[in-house]
């Protein structure tokens, strides 16, 4: 992806005031692209925000602006589905730093050139701050719920901790309250792959029309491994060969798993901006909710009156069950009403996006209250 | 509202309105829902089976997936007015330690269990030399989750040894309540309310 920004049909809010950032700077002319589903009721009490994950977008239940594929959570969001758009007014915004219409490194810096690496380093809380601005603009004081998986879960937690009055329920799926050394390590591999690609050019690849596609593809391949379980990979690929009956004694993609990862990497470069990938993974690495609140995670939730529900998956080794348990214990210590469940699913971290009927029941039940 | 299991009904009648309750091994949350809706109780639950947790969440209850043997340690002292352990004590690895934990996190504890000295159990052992399979103990010895069978007398002794107080006791034969007289062999099921 080397075009300055992906155009979407989403609504775009241009913030009138500069957005203050955790890094100390502020960003003016911030644009936030968002999608909505369902109808906002008269007293504006049925709104629900979904926060998307690292490489997600605001098109939860509408076709992807580039690939045309169905929305990423179409199995969960829609009329009569667990996140029921007949009942809720669902809002999903592209994160700050993203590349689907919200202000990010590919956006113009005001002098008519893309920010590239002059874009300020942002945090998860900065992303949430931009989304709160959307709620302000829509006149929504309090949400029925915030919902997020993976990085979306981090935003949901940050929202609950920093804007405690503004939601009645918080649903966090396959997420964590802080990035571990291992999480940071995998992200660093991805970032180094991008920055080692000569086409990255210190981030100023936009005018050339050619981005660091090889580096970005490698970053995606490494990350994609962390989204799957060993069991799931074995089941899907095993040691099966790709369109051949013998090994070639070369470095072509002999194995199906190699071919699959290469495809995942390459197709990702068509739909994601490499600099956005750098900035968003950095924001995730900086995330440590306890650190923001004096080192005690329970203190992050002292002011919250919301109900919480945490869901983990037994095969997720990226954000394993122990991370969700830690959050649940902190919420218990803070006296918050909290439920926690580890669901069994074979798909690793990606389970939250896939067919796990037990997840549907938990989400439907938790949100129906 | 469907009728509660008889031992749960006894517990539900004797929990003070408006109190804070932890139901350990809460299953599908039937007792918690009754306590919340009927007695304005702030009820929290712990359940090992994820399907049970999902059922509870669907009822709007706050339930943590966890194991009575290990996860009570996560709760602070006296966090609850009552800790409840119904038909679960005999399935734990260390019932004595679980009892200690119940009375640490709760100021009082309800404990209910099937009485292994009920006359049908005694008869089965005496006449057949077989481990009993009864209405309350319906599963054969090799696959029952009940790994620490306990009698009313055993339980009283453990409570006395630990220096806990019995604040209330109820006995069931079938679904009917019976008095404490000869409960040691007439009761199929016992419910105790303990305090430190």
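The values are calculated or read from the model by the stated rules, or taken from the named source; none is laboratory data. A quick note: this is a predicted structure, and the numbers were derived from the prediction, not measured. Neighbour counts run over all protein chains shown; Cβ positions are idealised from the backbone, glycine included.
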*Report, by residue number, each residue of region B:1-14 that is assigned to a loop (DSSP other than H, G, I, E, B) and under 14 Å from the mean Cα position of the chain (by Cα).*
B:4, B:5
_Positions within region B:136-162 being touching a residue at least 24 places away in the same chain (Cβ under 8 Å) and either under 16 Å from residue B:86 (Cα atoms) or part of a loop (DSSP other than H, G, I, E, B) (or both), in sequence order_ = B:136, B:145, B:146, B:147, B:148, B:149, B:150, B:151, B:152, B:155
*Answer yes or no: is there a residue in region B:88-105 that is within 14 Å of chain A (Cβ to nearest Cβ) and either within 26 Å of residue A:322 (Cα to Cα) or buried (at least 22 other Cβ atoms within 10 Å of the Cβ) (or both).*
yes
*Go through region B:88-120 and count every residue that is part of a loop (DSSP other than H, G, I, E, B) and out of contact with any helix residue (DSSP H, G or I) (no Cβ under 7 Å at 6 or more places or on another chain).*
4
*Give the number of residues within region A:295-329 that are closer than 29 Å to residue A:225 by Cα, surrounded by fewer than 18 Cβ atoms within 10 Å (Cβ to Cβ) and within 14 Å of another protein chain (Cβ to nearest Cβ).*
3
*From the residues in region B:66-83 that are at pLDDT 95 or above and touching a helix residue (DSSP H, G or I) at 6+ places or on another chain (Cβ under 7 Å), which one is nearest to the other protein chains (Cβ to nearest Cβ)?*
B:80
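Going by the structure shown, is residue B:17 out of contact with any strand residue (DSSP E or B) (no Cβ under 8 Å at 6 or more places or on another chain), away from chain A (no Cβ under 12 Å) and in a loop (DSSP other than H, G, I, E, B)? Can you show your working first?
Values: out of contact with any strand residue (DSSP E or B) (no Cβ under 8 Å at 6 or more places or on another chain): yes; away from chain A (no Cβ under 12 Å): yes; in a loop (DSSP other than H, G, I, E, B): yes.
Yes: the conditions hold for residue B:17.
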*Note down all Cβ pairs under 7 Å where the first residue falls in region A:353-364 and is at the interface with chain B (Cβ under 10 Å from one of its Cβ atoms), the second is surrounded by fewer than 18 Cβ atoms within 10 Å (Cβ to Cβ) and part of a helix (DSSP H, G or I), and they're at least six residues apart or on different chains.*
A:358/B:50
*With respect to residue A:130, determine if the residue is buried (at least 22 other Cβ atoms within 10 Å of the Cβ), under 30 Å from residue A:362 (Cα atoms), in contact with a helix residue (DSSP H, G or I) (Cβ under 8 Å, 6 or more places away or on another chain) and assigned by TED's automatic domain parsing to the domain that holds residue A:66.*
no
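Residues are listed down the side, and each one gets a yes or a no for (1) free of Cβ contacts under 8 Å to residues at least 24 places away in the same chain; (2) surrounded by fewer than 18 Cβ atoms within 10 Å (Cβ to Cβ):
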position	(1), (2)
A:199	yes, yes
A:202	no, yes
A:220	no, no
A:241	yes, yes
*Just name the residue that is nearest to residue A:336 (Cα to Cα) out of those in region B:45-65 that are more than 8 Å from chain A (Cβ to nearest Cβ) and touching a helix residue (DSSP H, G or I) at 6+ places or on another chain (Cβ under 6 Å).*
B:45
*What residue, of A:265, A:294, A:365, is out of contact with any strand residue (DSSP E or B) (no Cβ under 8 Å at 6 or more places or on another chain) and within 25 Å of residue B:58 (Cα to Cα)?*
A:365
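Would you say residue A:242 is in contact with a helix residue (DSSP H, G or I) (Cβ under 6 Å, 6 or more places away or on another chain) and either more than 26 Å from residue A:95 (Cα to Cα) or in the same structural domain as residue A:99 (by TED's automatic domain parsing) (or both)? Reasoning before the result, please.
Working: in contact with a helix residue (DSSP H, G or I) (Cβ under 6 Å, 6 or more places away or on another chain): yes; either more than 26 Å from residue A:95 (Cα to Cα) or in the same structural domain as residue A:99 (by TED's automatic domain parsing) (or both): yes.
Considered against the rule, which asks whether it is in contact with a helix residue (DSSP H, G or I) (Cβ under 6 Å, 6 or more places away or on another chain) and either more than 26 Å from residue A:95 (Cα to Cα) or in the same structural domain as residue A:99 (by TED's automatic domain parsing) (or both), residue A:242 comes out as yes.
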*Is one or more of the residues making up region B:25-37 at pLDDT 95 or above, under 16 Å from residue B:111 (Cα atoms), within 14 Å of chain A (Cβ to nearest Cβ) and outside any loop (DSSP other than H, G, I, E, B)?*
yes
